[in-house]
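**Student:** This is the structure I want to talk about, given as structure tokens.
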Amino acid sequence: MLILSCDHAGYDYTQKLMKYFDSKNIEYKYMGPSTLDPEDDYPDYIIPASSEVLKDKDNIGIFMCGSGIGANIVANRHKGIRAVLANDYTLAYLARKDEDANVLTIGARLISFRTAIKIIKVFLTSEFEGGRHIRRINKY
């Protein structure tokens, strides 16, 4: 299942993203703020969303904040989370293919919503290559 989360900076994008997922019948769980509040702090939403991702090996997180950096740092503090900040398609693809990334973070203030959708599509449709990459992942 997709786990969506954000802070105030990613709020508008996640609201649009939920409408997009609804139109495509894609199942998700939203774990971000219920209203736009400029005082929201990303750890308050990313910490529980990261824990939710870890509940099932098939879960994938999509987390948004202003730059994507804060969400990425907080998510990666959880053992078992392999989060990538990908503001382009190549990073999203390589993160899934080589690192088996299970969380995508996006900087909502840095890219257009249209670009974010394209990055998310690449992330969700790319598969882990396995092989030598498993050895590397097992080292951390």
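**Student:** Identify, please: which residue in the stretch 1-26 is under 13 Å from Ile62 (Cβ atoms) and assigned to a loop (DSSP other than H, G, I, E, B) and is, among those, most open to solvent (accessible area, probe 1.4 Å)?
**Tutor:** Checking each candidate, the answer is Met1.
**Student:** Looking at the stretch 98-140 only, could you name the residues that are open to solvent by 30 Å² or more (accessible area, probe 1.4 Å), within 22 Å of Tyr28 (Cα to Cα) and either free of Cβ contacts under 8 Å to residues at least 60 places away in the same chain or touching a Ser or Thr at 6+ places or on another chain (Cβ under 9 Å) (or both)?
**Tutor:** Within the stretch 98-140, Asp100, Ser112, Arg114, Thr115, Lys118, Lys121, Val122, Thr125, Glu127, Phe128 meet the criteria.
**Student:** Going residue by residue through the stretch 26-42, is there one that turns out to be in contact with a Leu (Cβ under 6 Å, 6 or more places away or on another chain) and over 14 Å from Leu124 (Cα atoms)?
**Tutor:** yes
**Student:** Does Leu94 count as free of Cβ contacts under 8 Å to residues at least 12 places away in the same chain, among the aliphatic types (A, V, I, L, M) and either surrounded by fewer than 20 Cβ atoms within 10 Å (Cβ to Cβ) or in contact with a strand residue (DSSP E or B) (Cβ under 9 Å, 6 or more places away or on another chain) (or both)?
**Tutor:** yes
**Student:** Looking only at the stretch 113-127, decide whether some residue is more than 18 Å from Leu4 (Cα to Cα), at pLDDT 95 or above and among the hydroxyl-bearing types (Ser, Thr, Tyr).
**Tutor:** Checked against the condition, which is being more than 18 Å from Leu4 (Cα to Cα), at pLDDT 95 or above and among the hydroxyl-bearing types (Ser, Thr, Tyr), the stretch 113-127 yields at least one hit.
**Student:** Kindly list, by first and then second residue, each pair from a residue in the stretch 24-42 that is within 21 Å of Glu52 (Cβ to Cβ) to a residue that is open to solvent by 80 Å² or more (accessible area, probe 1.4 Å), limited to pairs with Cβ atoms under 9 Å and residues at least 6 apart or on different chains.
**Tutor:** Within 9 Å, the pairs are Glu27/Met1; Tyr28/Met1; Tyr28/Asp22; Lys29/Met1; Pro33/Asp44.
**Student:** A further question follows. Test Gly61 against the stated conditions and say whether it is closer than 17 Å to Arg109 by Cα and modelled with pLDDT of 95 or more.
**Tutor:** So Gly61 fails the test.
**Student:** Here's something else I'd like to know. Please determine whether any residue of the stretch 28-43 is in contact with a Ser or Thr (Cβ under 7 Å, 6 or more places away or on another chain) and in a loop (DSSP other than H, G, I, E, B).
**Tutor:** yes
**Student:** So, in the stretch 53-73, exactly how many residues are crowded, with 23+ Cβ neighbours inside 10 Å and either more than 16 Å from Ile120 (Cβ to Cβ) or basic (Lys, Arg) (or both)?
**Tutor:** 0
**Student:** While we're here: Just to verify a result, which residue in the stretch 5-23, among those that are in contact (Cβ under 8 Å) with a residue 60 or more places away in the chain and in contact with a strand residue (DSSP E or B) (Cβ under 7 Å, 6 or more places away or on another chain), is nearest to Phe123 (Cα to Cα)?
**Tutor:** This residue is Leu17.
**Student:** What residue, among those in the stretch 27-52 that are farther than 22 Å from Leu85 by Cβ and hydroxyl-bearing (Ser, Thr, Tyr), is least open to solvent (accessible area, probe 1.4 Å)?
**Tutor:** My answer is Thr35.
The values are calculated or read from the model by the stated rules, or taken from the named source; none is laboratory data. Since the model is a prediction, treat every value here as computed from it, not as a measurement. Virtual Cβ from ideal backbone geometry, glycine too; neighbours counted across all protein chains shown. Quick note on the areas: whole protein, heavy atoms, side chains included, nothing else; ligands and nucleic acids left out. Shrake-Rupley method; radii C 1.70, N 1.55, O 1.52, S 1.80 Å.
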